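So the structure is just underneath, and the comments pick up after that.
The values are calculated or read from the model by the stated rules, or taken from the named source; none is laboratory data. The model shown is predicted, which means the values in this text are computed figures rather than measured ones. Methodologically, a virtual Cβ is constructed for each residue, glycine included, from the backbone with ideal geometry; neighbour enumeration extends over all protein chains shown.
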Amino acid sequence: MNGSPAIEFREVTRCYGRVTALDGMNWALREGEVVGLLGHNGAGKTTCMKLILGVEKPSAGEIRVYDEPPTGRHAHALRRRLGYLPENVSFYPQMSGREVLRYFARLKGVPPAQCDPLLERVGMQAAAKRRIGTYSKGMRQRLGLAQALLGEPRLLLFDEPTVGLDPIATRDFYRTVDDLRRQGTTIILCSHVLPGIEPHIDRAAILREGRLLAYGTLEELRAQAALPLLIRVRGPWRQPEVEDTLTGLGITIREAETGEAELSGPPAAKMRALQTLLSTDGVQDIDVLHPSLETLYAHISLGAAR
């Protein structure tokens with residue numbers, strides 16, 4: 001990953017009549033990063049993608065993709081470097097999977113020799129000769145992924161990419177994301193399945209009603225949210241003097257249903273709490289549970305709604 005920006009939003013506003021879909025959006029995506037674009041329905045995620053693709057123009061502000069406006073004079077060449085998988089893919093039902101992929105390859109100026117390896121990569125080689133009309137939703141989604149990967153794009157936009165995929169196909173999709181990430185491809189992942197994308201992103205952008213509420217790594221979002229840290233302790237460790245020390249650090253202690261003790265308190269107390277527990281007889285195991293992406297999203301987005 002290098003430090004140059006692949007995408008920049010500069011005070012971007014997008015209005016549809018009286019409805020403001022994006023309101024003064026400012027954020028930048030570095031080349032080679034994987035970013036999760038998160039928000040409820042109507043938050044502005046799809047609008048962001050349409051602006052990046054050059055399908056729409058901002059009502060105000062400026063967007064740059066590889067330092068070019070996506071609707072400028074180099075728009076056609078720029079789009080050849082992009083790949084897009086929409087939430088609901090739609091193909092000609094009377095064509096076969098191979099025919100559809102070769103059709104898109106011609107549109108993109110990509111050699112047809114890329115098609116069969118891509119069909120195999122997404123697990124569609126056996127169904128390549130079948131008509132699209134016989135495909136399940138998951139099969140159409142896999143074909144859509146192959147279409148997005150045509151031409152080895154530098155920037156990929158995935159809008160709810162695992163919709164309709166079974167658990168094995170979902171696992172394979174994220175393996176593909178990880179492979180692309182290692183190769184330096186820039187990726188935007190838009191998904192409501194936050195536990196699924198959490199291990200695969202570098203940063204997250206949280207949107208609500210067209211505004212950017214938070215943007216950063218998980219550690220940066222945790223620092224912003226300042227949610228209590230959760231520590232689970234197993235073993236017969238509880239002693240009055242140890243509990244007094246932990247309470248003095250602002251930590252509360254309660255028994256969990258599993259028989260473990262759950263400690264919660266300010267993140268700043270983590271190291272001193274762990275030092276105390278590690279030096280206490282009877283401690284058999286310790287788990288430190290940081291707030292998940294799903295927890296952070298709920299805290300930040302719901303907090304903004306109050």
Which condition does residue 128 not pass, out of (1) aliphatic (A, V, I, L, M); (2) part of a loop (DSSP other than H, G, I, E, B); (3) touching a residue at least 40 places away in the same chain (Cβ under 8 Å), if it passes all the others?
(3)
Given (1) within 23 Å of residue 25 (Cα to Cα); (2) surrounded by fewer than 17 Cβ atoms within 10 Å (Cβ to Cβ); (3) not aromatic (Phe, Trp, Tyr), index of the condition residue 106 fails:
(1)
Selected residue (criterion: farthest from residue 269 (Cα to Cα)) from residues of the stretch 217-236 that are without any contact (Cβ under 8 Å) to a residue 60 or more places away in the chain and crowded, with 17+ Cβ neighbours inside 10 Å:
233
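Okay, residues lined up against (1) within 18 Å of residue 151 (Cα to Cα); (2) out of contact with any Ser or Thr (no Cβ under 6 Å at 6 or more places or on another chain):
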| residue | (1), (2) |
| --- | --- |
| 36 | no, yes |
| 60 | no, no |
| 74 | yes, yes |
| 85 | yes, yes |
| 99 | yes, yes |
| 106 | yes, yes |
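Anything in the stretch 244-256 that is within 14 Å of residue 278 (Cα to Cα) and either hydrophobic (A, V, I, L, M, F, W, C) or loosely packed, with under 15 Cβ neighbours inside 10 Å (or both)? List them, or say none. Walk me through how you get there before you give the answer.
To start, the set of residues in the stretch 244-256 that are within 14 Å of residue 278 (Cα to Cα) comprises 245-246.
Residue satisfying the conditions is 246 alone.
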Check the stretch 167-180 and report whether any residue there is surrounded by fewer than 18 Cβ atoms within 10 Å (Cβ to Cβ), of a type outside the set (Gly, Ala, Ser), modelled with pLDDT under 90 and assigned to a loop (DSSP other than H, G, I, E, B).
no
Which count do you get for residues in the stretch 181-195 that are buried (at least 18 other Cβ atoms within 10 Å of the Cβ) and under 25 Å from residue 301 (Cα atoms)?
6
Residues of the stretch 232-261 that turn out to be hydroxyl-bearing (Ser, Thr, Tyr) and either closer than 13 Å to residue 284 by Cα or in a strand (DSSP E or B) (or both), as a count:
1
From the residues in the stretch 114-169 that are β-branched (Val, Ile, Thr) and out of contact with any helix residue (DSSP H, G or I) (no Cβ under 8 Å at 6 or more places or on another chain), which one is nearest to residue 188 (Cα to Cα)?
168
